[in-house]
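To start, the structure itself, in structure tokens.
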Amino acid sequence: MKNYLCVATLIISLTALSLLVGCSKKKNTEISHTESPEFQHPLNPLSENEIREVKRLLLAEEKMDTNFRFFIINLKEPPKTEVLNYKPGESFRREALAVLYDWKTNKTFEAVIDLAAKKNKVI
């Protein structure tokens, strides 16, 4: 019985250690549409980095301030013809749709952000 407890403790310790080592690795914060396996298809959902990029671009262009709240940030799907003509390894359109709420004016706004060109298209 004592040996089982030692083995179980060792397994738990090794699992916890591997989780700690995995969490401490530096995350890549660059956005790349061709190198990263998460961008293998134009209809893949936005990554965490892309969502952060949307916020950064809107703040940098001074289209919004800290009174705005993000209601939603989603992939703006490319036209169907582009999706059907897509071949793995090719570049493709990558846009985000953000719906923002302004607390001061009690109004909502929509913004379309071109993630490849890193600019706001509409607000």
Report the residue count in the stretch 68-110 for those that are over 16 Å from the mean Cα position of the chain (by Cα) and either modelled with pLDDT under 85 or within 22 Å of Asn44 (Cβ to Cβ) (or both).
16
Note on the stretch 46-70: residues over 15 Å from Ile113 (Cβ atoms) and not acidic (Asp, Glu) are Thr66, Asn67, Arg69
Could you go through the stretch 32-41 and let me know if any residue there is modelled with pLDDT under 90 and touching a Gly at 6+ places or on another chain (Cβ under 8 Å).
yes
Leading residue by the ranking (nearest to Thr108 (Cα to Cα)) among those in the stretch 38-77 that are charged (D, E, K, R) and assigned to a helix (DSSP H, G or I)
Lys55
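The values are calculated or read from the model by the stated rules, or taken from the named source; none is laboratory data. Note that the structure is predicted; figures quoted are calculated from it, not measured. Reconstructed Cβ throughout: ideal geometry from the backbone, glycine too, with neighbour counts over all protein chains shown.
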